[in-house]
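The structure appears right after this line, and notes come after that.
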Amino acid sequence: MSFSYDLADFNTELNRLRLEIGDTNPDDFFLHDEEIMIIQDEKTSFYRRAAACCDLICTKVAKDVNFKIGHFSENSDEIYERYKDLAVKFSTYGSVSYPWSASISVSEKEGYEDDTSLVKPKIKLGIHNHP
């Protein structure tokens, strides 16, 4: 298993994912490159991949226990909650924010959601409100 992170190269998705989720310290990291590559193969968009990375970190941290030795303590619950919040944030970034027709099939709807080449409409609450 390996770890790589290059500050000079944010053109690669691996480096961008590590930056977004905050897993950039080679001495104390959560995810190996191979784990991230599996997520990249499974998920269809950048933010879905980032959310899946955060969920995987939560899975790893959930098995840890809180401990205190003298004045030193580590609370894995805080780490878990931080990454769970990040996963929710990235999931909302990767979610569909445009209306869809209920008369199309589920697979067609999912295809539209995953197609990043489509222009997303700018429909929002209060679009017709004028001062």
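With the requirement that a residue be in a loop (DSSP other than H, G, I, E, B) and either basic (Lys, Arg) or modelled with pLDDT under 75 (or both), what does the stretch 80-107 give you?
Within the stretch 80-107, Gly94, Ser95, Val96, Ser97, Tyr98, Pro99, Trp100, Ser101, Ala102, Ser103, Ile104 qualify.
Select from the stretch 17-54 the residues that are out of contact with any Asp or Glu (no Cβ under 8 Å at 6 or more places or on another chain) and under 14 Å from Thr92 (Cα atoms) and list them in ascending order.
Tyr47, Arg48, Ala51, Cys54
Residues that are assigned to a helix (DSSP H, G or I), of a type in the set (S, T, N, Q), free of Cβ contacts under 8 Å to residues at least 60 places away in the same chain and surrounded by 13 or more Cβ atoms within 10 Å (Cβ to Cβ): does the stretch 19-35 have at least one?
no
Can you run down the residue pairs with Cβ atoms below 9 Å, 6 or more apart or on separate chains, where the first is in the stretch 66-89 and touching a residue at least 40 places away in the same chain (Cβ under 8 Å) and the partner is β-branched (Val, Ile, Thr) and surrounded by 13 or more Cβ atoms within 10 Å (Cβ to Cβ)?
Taking only residues 6 or more apart or on different chains, the pairs are Tyr83/Ile21; Tyr83/Ile57; Tyr83/Val61; Leu86/Ile21; Leu86/Ile57.
Identify the residue in the stretch 59-79 that is exposed (fewer than 15 other Cβ atoms within 10 Å of the Cβ) and among the hydroxyl-bearing types (Ser, Thr, Tyr) and, among all such residues, is modelled with the highest pLDDT.
Thr59
Can you confirm whether Asp77 is assigned to a loop (DSSP other than H, G, I, E, B) and over 14 Å from the mean Cα position of the chain (by Cα)?
Considered against the rule, which asks whether it is assigned to a loop (DSSP other than H, G, I, E, B) and over 14 Å from the mean Cα position of the chain (by Cα), Asp77 comes out as no.
Which one of these is under 19 Å from Tyr83 (Cα atoms) and touching a strand residue (DSSP E or B) at 6+ places or on another chain (Cβ under 9 Å): Asn15, Asn25, Asn66?
Selected residue: Asn66, the only one of Asn15, Asn25, Asn66 that is under 19 Å from Tyr83 (Cα atoms) and touching a strand residue (DSSP E or B) at 6+ places or on another chain (Cβ under 9 Å).
Return yes or no: is Arg49 at pLDDT 90 or above, within 30 Å of Leu125 (Cβ to Cβ) and buried (at least 16 other Cβ atoms within 10 Å of the Cβ)?
Spelling it out, Arg49 is indeed at pLDDT 90 or above, within 30 Å of Leu125 (Cβ to Cβ) and buried (at least 16 other Cβ atoms within 10 Å of the Cβ).
The values are calculated or read from the model by the stated rules, or taken from the named source; none is laboratory data. These figures come from a predicted structure and were not determined experimentally. Glycine also receives a Cβ, built like all others from the backbone with ideal geometry; neighbour counts cover every protein chain displayed.
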